[in-house]
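Participant: I'd like to ask you about the structure that follows.
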Amino acid sequence: MAAYIIRRLIQTALILLGISFVTFILLYLVPADPARQIAGRSATAETVENIREQLGLNLPFYEQYLRYLASLLQGDFGRSYLQKTEVSTLIAARLPASLLLMAGAIACELAFGLAMGIVAALRRGSHTDNALMITSFIGVSAPQFVIGILLLYVFAVKLGWFPIGGYGTFVHLVLPSVTLGFLGAGWYSRMMRSSLIDVLRQDYVRTARATGLSRAKVLFRHAMPNAILPIVAMIGIDIGLFMSGIVVVESVFGWPGIGQLAWQAIQRVDIPIIMGVTLVSACAIVLGNLLADLVTPLIDPRIKLR
Amino acid sequence: MRNLLLAGVAAAALTVFSGLSPSSAEEIKQGGSMTVTYKDDVSTLDPAIGYDWQNWSMIKSLFDGLMDYQPGTTELRPEIAESYEISEDGTVFTFKLRDGVKFHNGRALTAEDVKYSIERTVNPETQSPGAGFFGSIKGFEEASSGDADGLSGITVVDPHTIRFELSRPDATFLHVLALNFAHVVPKEEVEKYGADFGKHPVGSGAFKLSEWTLGQRLVFERFEDYWNAGVPKLDQIVFEVGQEPVVALLRLQNGEVDVPGDGIPPAKFIEVKNDPEFKDLIIQGGQLHTGYVTMNVTIAPFDKVEVRQAVNMAINKDRILRIINGRAVAANQPLPPSMPGYAADYKGYGHDPEAARKLLADAGLADGFDTELYVANTDPQPRIAQAIQQDLKAIGINAAIKSLAQANVIAAGGEKDQAPMIWSGGMAWIADFPDPSNFYGPILGCAGAVPGGWNWAWYCNADLDAKAAEADSMVDPDKAGEREAMWRDIYLKVMEDAPWAPVFNEERFTIRSGRIGGDDRLFVDPVHIPVHYDEVYAKDVQ
């Protein structure tokens, strides 16, 4: 187990290295000139040149990259070109909001997804089943900004149940979490439905019923642990989906997370922030996958990590 | 000639200047709070660095400079200067500072601080986007290249007197001193916070920063010891960032927000305009902005003046105004109407495809030609570019649209052989200060026609450059009218050569909640962009 984790962590480091290289080279190839973005439109050519020099943007690519890596290894993400602040400070200030939103989204997708999947599996072929599967289909296909704005319009503007965007209390969390979790709920309900249908057909379930156990007990004690297995593995992978989703959702709801930070930085070619957020998200995705792999054997003893 | 402007005169001017508020300043009670939203984060509140939509006016409220403008107008007035004198040759400016100006940390502001602040902006280590504005001060070259520590042209005569010596007469110098980049910072606080000063701003302005939660909100509180009694009107301003303009508008309609800093989003414009509850709260104001199509005079066939004039005649500006729901007025010259020097009686090139085709034929291009039109890829710019494309098609010019991210269009414009035509929308020139010269140098003068410059037409007319330099050396305020006329003439000459096809001047449309008072012009202030925070007041404490 320990050897497995160490091996995976080394892989993680290599993946992050690769990601940092690819992101860096993409940003290097963008024709926009960060020095000019910083200098603004009234700056003289000398000012621009001077800024380029101070930031080391005049150096050849490999040297810029190695410099970046060197400071990264010391835990230094660099300073934002435009905000003139440590990138680590900016990310640290916004990360809790994003993590909270993700936790909310995971709760939403599990609650909605599992409930919908179970009901649909138990009522297979009924109108309820059809209605639920259409809903999940919408969840999987609809763009998140559409769902976000619709929820905002109906529940915040028209009904006034929730605040119109913002951050701070539990009620602020509800709509963004539902928006972000709706996509996952769509997937989960479909997975839960088919996986539960498979399990319910198994002999041991029929045996359990035959021994006189109640329907609920059979479902939750015997069928569910097996049916839920593929879903647990999915949660880790979801973190990756969330990372792209939060850019949209955070900007619709004015949620002060790292997605919003990334979006603003991309528009203004603030390379240190783009790099920092990319690496932090990549880290979250890789660790999410690792976590999913580590949790699976705890639920299913048949699976062994090697 | 010797000019002397005393604060008394300014005070008199202020009382005469009463069109601004229905009630005089003394009647407005201080107090209350206001909530303002912005889409983008506030990057920095360092006056030497901040150059954004959202931080420009915030910095003006946290810091003070020697000069400022009458609220809601483009008229200069001294701020922490009590009076100033200009030498006869227009190269020496001497300022007397007011008594009792204090920084938020309690220390008195002196002439030494003014000198330090401007030298800090010019110092290359600061990486200020505004360093170039101070180019007329003696010793600028040495200081901006880092060879000298300070500017030899700035002398502290005594703690209340500061003298600027210029290397050439500069009629725009008072405007330059009113820019944020010349606002005064206390040295000890700058040194204390170092590179993070922009997140811990300490100035001498009407408000002080009391809270900043990164990416969420900022709170400004009234500075009790502000030198200008009765200002600001509000006790507190809460800025919430990260709010989409559409969401901000919904929250305003819900009573949660007082001013959406980014204005009314175009998509909601018609709806709000027709809403009986809110239509009277909409405020419209001119901007020192012109949207134009540049034609690169070094790329054939735009090297022919007939072709450039033909493009001017081909574009149907009225149709473009309809595309943007009438949120602009048609332009026929580089200067916007609210800028001094605007030629009100100039007719420009009318929409006349027939005449345009004839001009093309005269240039030997009766069959038209193929070219490219660069445009920023955010709505509504590509739609405007399509309208221009159709107009050009009607006279035989086939313009392929190159829709790119804004930064990439700017980069292409700065290359001599890249972009034949650019629609400037989304990155067009907005003046830094209300003086006609500000629309020339970087965007139409030879100095801007360099790699990485903003003169995307690569238009360089040495005669006009000489005229511009001459106009800017006319410092004598008595000759202001003559100077304005010279500038007017320069821009009309530019239009004869037609390196641009001016299309429209954007109007700003914003809205305020019913509980915030103040003259409409304060909410579309041409200098304290977007809102003059110091002067608006809360109706619920009156």
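The values are calculated or read from the model by the stated rules, or taken from the named source; none is laboratory data. No experiment lies behind these values; they were computed from the predicted model shown. Note: ideal-geometry Cβ built from the backbone for every residue, glycine included; neighbour counts use all protein chains shown. Accessible surface is based on the protein model in full, side chains and every heavy atom, while ligands, DNA and RNA are left aside. Shrake-Rupley method; radii C 1.70, N 1.55, O 1.52, S 1.80 Å.
Participant: In the range A:207-239, which residue that is small (Gly, Ala, Ser) and not in a helix (DSSP H, G or I) is nearest to A:Ser189 (Cα to Cα)?
Facilitator: Top of the filtered list is A:Ser214.
Participant: Being within 25 Å of B:Pro336 (Cα to Cα) and touching a strand residue (DSSP E or B) at 6+ places or on another chain (Cβ under 9 Å) is true for just one of B:Pro260, B:Pro265. Which residue is that?
Facilitator: B:Pro260
Participant: Take the range A:258-271 and flag every residue that is in a helix (DSSP H, G or I) and open to solvent by less than 10 Å² (accessible area, probe 1.4 Å).
Facilitator: Hits for the range A:258-271 are A:Ile258, A:Gly259, A:Gln260, A:Leu261, A:Ala265.
Participant: Provide a single number: the residues in the range B:198-255 that are at the interface with chain A (Cβ under 9 Å from one of its Cβ atoms), closer than 20 Å to B:Trp56 by Cβ and among the hydrophobic types (A, V, I, L, M, F, W, C).
Facilitator: Result for the range B:198-255: 3.
Participant: Mind listing whichever residues of the range A:88-124 are away from chain B (no Cβ under 14 Å) and basic (Lys, Arg)?
Facilitator: A:Arg123, A:Arg124
Participant: Just to confirm my filter: which helices (runs of 4 or more DSSP H) fall fully inside the range A:27-87 and include at least 2 residues that are farther than 25 Å from B:Thr44 by Cα, open to solvent by less than 30 Å² (accessible area, probe 1.4 Å) and more than 10 Å from chain B (Cβ to nearest Cβ)?
Facilitator: Of the helices (runs of 4 or more DSSP H) lying wholly inside the range A:27-87, those with at least 2 residues that are farther than 25 Å from B:Thr44 by Cα, open to solvent by less than 30 Å² (accessible area, probe 1.4 Å) and more than 10 Å from chain B (Cβ to nearest Cβ) span A:61-73.
Participant: Just to be sure I understand the filter: pairs with C-beta atoms under 9 Å, separated by 6 or more residues or on different chains, first member in the range B:384-411 and away from chain A (no Cβ under 14 Å) and in a helix (DSSP H, G or I), second member among the polar types (S, T, N, Q) and open to solvent by less than 20 Å² (accessible area, probe 1.4 Å). Which pairs pass?
Facilitator: Correct list of pairs: B:Leu392/B:Thr371.
Participant: In the range B:221-240, how many are within 22 Å of B:Arg98 (Cβ to Cβ) and in a strand (DSSP E or B)?
Facilitator: Within the range B:221-240, residues that are within 22 Å of B:Arg98 (Cβ to Cβ) and in a strand (DSSP E or B) number 1.
Participant: Tell me which residues, restricted to the range B:459-509, are more than 17 Å from B:Pro442 (Cβ to Cβ), open to solvent by less than 40 Å² (accessible area, probe 1.4 Å) and in contact with a Phe, Trp or Tyr (Cβ under 8 Å, 6 or more places away or on another chain).
Facilitator: Passing the criteria: B:Val475, B:Met495, B:Ala498, B:Ala501, B:Val503, B:Phe509.
Participant: Among residues belonging to the range B:198-220 that are open to solvent by 10 Å² or more (accessible area, probe 1.4 Å) and hydrophobic (A, V, I, L, M, F, W, C), point out the one that is farthest from B:Leu97 (Cα to Cα).
Facilitator: B:Leu214
Participant: Could I ask something else about it? For the range A:210-247, enumerate the residues that are open to solvent by 50 Å² or more (accessible area, probe 1.4 Å) and under 19 Å from A:Leu175 (Cα atoms).
Facilitator: Those that are open to solvent by 50 Å² or more (accessible area, probe 1.4 Å) and under 19 Å from A:Leu175 (Cα atoms): A:Leu241, A:Ser244.
Participant: List every residue pair whose Cβ atoms lie under 6 Å apart, where the two residues are 6 or more positions apart in sequence or sit on different chains, the first residue falls within the range B:339-358 and is in a loop (DSSP other than H, G, I, E, B), and the second residue, located anywhere, is among the charged types (D, E, K, R).
Facilitator: As it stands, the answer is B:Pro340/B:Glu484; B:Gly341/B:Glu484; B:Gly341/B:Arg488; B:Ala343/B:Arg488, since those pairs meet every condition given.
Participant: Can you find a residue in the range B:256-271 that is without any contact (Cβ under 8 Å) to a residue 24 or more places away in the chain and out of contact with any helix residue (DSSP H, G or I) (no Cβ under 8 Å at 6 or more places or on another chain)?
Facilitator: yes
Participant: Shifting gears a bit: How about the range B:379-436: which of its residues are open to solvent by 20 Å² or more (accessible area, probe 1.4 Å) and among the hydroxyl-bearing types (Ser, Thr, Tyr)?
Facilitator: Of everything in the range B:379-436, just one residue is open to solvent by 20 Å² or more (accessible area, probe 1.4 Å) and among the hydroxyl-bearing types (Ser, Thr, Tyr), namely B:Ser403.
Participant: Scanning for something at pLDDT below 95, closer than 30 Å to A:Glu250 by Cα and touching a Gly at 6+ places or on another chain (Cβ under 8 Å), does the range B:208-217 turn up at least one residue?
Facilitator: Checked the range B:208-217: at least one residue is at pLDDT below 95, closer than 30 Å to A:Glu250 by Cα and touching a Gly at 6+ places or on another chain (Cβ under 8 Å).
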